[in-house]
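Asks: My structure is below; once you've seen it, I'll send some questions.
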Amino acid sequence: MLRPQDTATRETKRLDGLWSFRLDPDGVGRDERWFAGPLPGAFEMPVPASYNDVLPDAAVRLHVGEAWYQRTVRVPHGWAGERVVLRFGSATHRATVWVDDVEVVRHEGGYTPFEADLTGLLAGRAPGAELRVTVCVDNELTFASIPPGIVVETPGGRRQHYFHDFFNYAGLHRSVWLYATPTTYVDDVTVVTGVSRGPGDGDEVVGTVAYDVVAEGRDVGGVEVRVELRDGDGRTVAAGIGASGTLRVEGPHLWAPGDGYLYDLEIRLVGADGVLADVYIQTVGIRTVEVRGTQFLVNGEPFRFRGFGKHEDAAIRGKAHDAVLLVHDLALLDWIGANSFRTSHYPYAEEVYDLADRHGVVVIDEVAAVGQNFDLQGGLPGRGRTFGPDTVGAAAQANHAQAIRELVARDKNHPCVVLWSVANEPESETDEARAYFEPLFELTRELDPTRPVGFANVATAPHGACRVSELADVVMLNRYYGWYVDTGDLASAEAHLRAELEAWATDGKPIVVTEYGADTLAGLHSATGEPWTEEFQAAYLAMNHRVFDAVDAVVGEHVWNFADFETSAGVHRVDGNRKGVFTRDRRPKAAAHFLRERWRSARRSAPTA
Ligand code: GCB
């Protein structure tokens, strides 16, 4: 799905700011047709934001069910006769949208964009019409949703339980847009890049950009697709005619970790009379990704992942996309010498990938399939296995497949994305898990044959027991030796971690340790390095690194987590999860300085690895 864009033929209007908002604890809004007029009893709510922590009110924070947003918007006068689209960056976890009294779109899944074409609805209206946009957002998690959850009735009201370790923030977390395109328009583009040596010309490198443009609309039969690839200085380096083709770039400036060089692919639809029907610009990073044996190669060079599992999380804002935090977080990644992160445990805002592209930061892109494991914290004793007809079954699998489709459709053209993660720590040692995941791996490869696919394996499904890892191209392991097991006993932890990694290495695939970490209370110190202290976090990381450095197949280390983050309340969580290397407000703990030493010196010796 393309992004809203301002070009010679397109215009955008962002609908962020204060919307009217109200909860619907009794679920009556639809019957009472709250969309049909000004939202009754509403108060202000900023967009983008999670609604949970904006007000000091437990009823809002812990609300379960539907919540309503509304605002009016004027369609710019100049858009008369254009195709007009309403687009949501996300609505967590599902939404129904009305424009005036008309339902225009429904969407399931809390972390991918969706849109409604309003052109038909606007037909016959005077230019500059005012529209009432109403969104009903539902935060309930069920066995069918991605991620799963269960709602229980308690004396205090309905409560949402879930099996993942981050707070169930909800609302409109990303920008809402109204945008206009011509009625004949570029609907989609896919680019796949390659790098080869020029034929017969020795060492000369040739980049290839295969493109596939989908045009739609009223006069689509009467337009020709023309593309032009421009380098960072605006010079045209290749051009093509036709909806698909392959451009050759002699001596390309490759996109590489630490070197986010981008080209612009300008796509034009041109009518027989030479008139420009539409123009859209797609950024392109020329690079390759490949798994070969135990190596993960970017542009044919071994790449080692150094960085974090992150979260979209901040005080008050919850999971809102926030440009200030985005720029700051990427600057902190650079400061600490990291080259990559995982979008644990859901697709992030599109702006995050844009910046990662431009900064040469490598991304493992994860779908929101987290907590598909009833054995873990918050589990449901006695409920049996996670995957099955009465639990996470066919409906969940269909939603999971759709979430993968939307993820790949959204992020396929980002050079920063090098690996798809189809789940985090699912039950994976059972036949049912295997049957559930096999088609999802196939689907991901079918949608994108160019990137490896993996999932983050949980400690309770070690090598030999896990039935899903053989489907993966890369072994991704979340391991907490020294924290959840061998707590505080780093000598035992080291032996156990090493034994396990050596076992996984026999599979002959690259291993990325996608999580290792220890809860650490900033400011807590101890001369003897007790768990929860800043000294322990650094010693714990050092132990892990000794093991990683001794096992050749380990090609990546992602500390859990970049920053402290909010979770649901629980006896193991003190104001959230404290495994951050930075605090929630992004102050470095002692471990940050320790990591900086290791990662910056690695970067000095291999700037693009
Ligand atoms: C995990 C999960 C992550 C948790 C983390 C922890 O394995 O993947 O979501 O937050 O452990 O801190 O327990």
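Asks: For segment 583-598, what are the residues that are of a type outside the set (D, E, K, R) and within 15 Å of the ligand (Cβ to nearest atom)? Steps first, answer last, please.
Replies: Applying the first criterion (of a type outside the set (D, E, K, R)) to segment 583-598 yields 583, 588, 590-595.
591 - this is the single residue of segment 583-598 that is of a type outside the set (D, E, K, R) and within 15 Å of the ligand (Cβ to nearest atom).
Asks: A follow-up question, please. Starting from residues that are within 21 Å of the chain's Cα centre (by Cα), within 16 Å of the ligand (Cβ to nearest atom) and not in a loop (DSSP other than H, G, I, E, B), keep the ones in segment 138-179 and report whichever is nearest to residue 572 (Cα to Cα).
Replies: Of everything passing the filter in segment 138-179, 162 is nearest to residue 572 (Cα to Cα).
Asks: Within segment 18-69, count every residue that is free of Cβ contacts under 8 Å to residues at least 12 places away in the same chain and buried (at least 16 other Cβ atoms within 10 Å of the Cβ).
Replies: Counting residues in segment 18-69 that are free of Cβ contacts under 8 Å to residues at least 12 places away in the same chain and buried (at least 16 other Cβ atoms within 10 Å of the Cβ) gives 1.
Asks: Please tell me if residue 569 is within 15 Å of the ligand (Cβ to nearest atom), open to solvent by 40 Å² or more (accessible area, probe 1.4 Å) and either of a type outside the set (Asp, Glu) or within 24 Å of the chain's Cα centre (by Cα) (or both). Outline the logic, then answer.
Replies: Details: within 15 Å of the ligand (Cβ to nearest atom): yes; open to solvent by 40 Å² or more (accessible area, probe 1.4 Å): yes; either of a type outside the set (Asp, Glu) or within 24 Å of the chain's Cα centre (by Cα) (or both): yes.
So residue 569 fits the description; yes.
Results for (1) farther than 28 Å from residue 142 by Cα; (2) in contact (Cβ under 8 Å) with a residue 40 or more places away in the chain; (3) more than 18 Å from the chain's Cα centre (by Cα); (4) not in a loop (DSSP other than H, G, I, E, B), shown as yes or no for each residue.
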{"position": "329", "(1), (2), (3), (4)": "yes, yes, no, yes"}
{"position": "334", "(1), (2), (3), (4)": "yes, no, yes, yes"}
{"position": "355", "(1), (2), (3), (4)": "yes, no, no, yes"}
{"position": "364", "(1), (2), (3), (4)": "no, yes, no, yes"}
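Asks: Considering segment 457-476 alone, what residues qualify as being of a type outside the set (A, V, I, L, M, F, W, C), open to solvent by 40 Å² or more (accessible area, probe 1.4 Å) and within 16 Å of the ligand (Cβ to nearest atom)?
Replies: Within segment 457-476, the subset of a type outside the set (A, V, I, L, M, F, W, C) is 457, 460, 462-464, 467, 469-470, 473.
Imposing the further condition that a residue be open to solvent by 40 Å² or more (accessible area, probe 1.4 Å) reduces the set to 460, 462-464, 467, 470, 473.
Scanning segment 457-476 gives 460, 462.
Asks: For segment 493-502, state whether one or more residues are within 16 Å of the ligand (Cβ to nearest atom), surrounded by fewer than 22 Cβ atoms within 10 Å (Cβ to Cβ) and part of a helix (DSSP H, G or I). Full working, then the answer.
Replies: Quick first cut of segment 493-502, residues within 16 Å of the ligand (Cβ to nearest atom) only: 493, 497, 500.
If we keep only those that are surrounded by fewer than 22 Cβ atoms within 10 Å (Cβ to Cβ) as well, we get 500.
Next, from what is left, pick out any that are part of a helix (DSSP H, G or I): 500.
Within segment 493-502, one or more residues are within 16 Å of the ligand (Cβ to nearest atom), surrounded by fewer than 22 Cβ atoms within 10 Å (Cβ to Cβ) and part of a helix (DSSP H, G or I).
Asks: In contact with an Asp or Glu (Cβ under 6 Å, 6 or more places away or on another chain), more than 16 Å from the ligand (Cβ to nearest atom) and either part of a loop (DSSP other than H, G, I, E, B) or touching a residue at least 24 places away in the same chain (Cβ under 8 Å) (or both) - does that describe any residue in segment 103-112? Break it down into steps so the answer makes sense when it comes.
Replies: Filtering segment 103-112 for residues in contact with an Asp or Glu (Cβ under 6 Å, 6 or more places away or on another chain) gives 112.
Going one step further and asking which of them are more than 16 Å from the ligand (Cβ to nearest atom), we end up with 112.
From the residues that got through so far, the ones that are either part of a loop (DSSP other than H, G, I, E, B) or touching a residue at least 24 places away in the same chain (Cβ under 8 Å) (or both) too are 112.
Checking segment 103-112: at least one residue is in contact with an Asp or Glu (Cβ under 6 Å, 6 or more places away or on another chain), more than 16 Å from the ligand (Cβ to nearest atom) and either part of a loop (DSSP other than H, G, I, E, B) or touching a residue at least 24 places away in the same chain (Cβ under 8 Å) (or both).
Asks: Also, I was wondering about something else. Quick check on segment 434-456: of everything there that is within 11 Å of residue 471 (Cβ to Cβ) and within 16 Å of the ligand (Cβ to nearest atom), which residue is surrounded by the fewest Cβ atoms within 10 Å (Cβ to Cβ)?
Replies: Applying the filter and picking the extreme gives 454.
Asks: Would you mind stating whether residue 479 is under 20 Å from residue 594 (Cβ atoms), among the charged types (D, E, K, R), open to solvent by less than 40 Å² (accessible area, probe 1.4 Å) and in contact with a Leu (Cβ under 8 Å, 6 or more places away or on another chain)?
Replies: Details: under 20 Å from residue 594 (Cβ atoms): yes; among the charged types (D, E, K, R): yes; open to solvent by less than 40 Å² (accessible area, probe 1.4 Å): yes; in contact with a Leu (Cβ under 8 Å, 6 or more places away or on another chain): yes.
Spelling it out, residue 479 is indeed under 20 Å from residue 594 (Cβ atoms), among the charged types (D, E, K, R), open to solvent by less than 40 Å² (accessible area, probe 1.4 Å) and in contact with a Leu (Cβ under 8 Å, 6 or more places away or on another chain).
The values are calculated or read from the model by the stated rules, or taken from the named source; none is laboratory data. Worth saying up front: this structure is predicted, and the values here are computed from it rather than measured. Positions of Cβ are generated from backbone atoms using ideal geometry, with glycine treated the same way; all protein chains shown enter the neighbour counts. We work out accessible area using only protein heavy atoms, side chains counted, and drop any ligands, DNA or RNA first. Shrake-Rupley method; radii C 1.70, N 1.55, O 1.52, S 1.80 Å.
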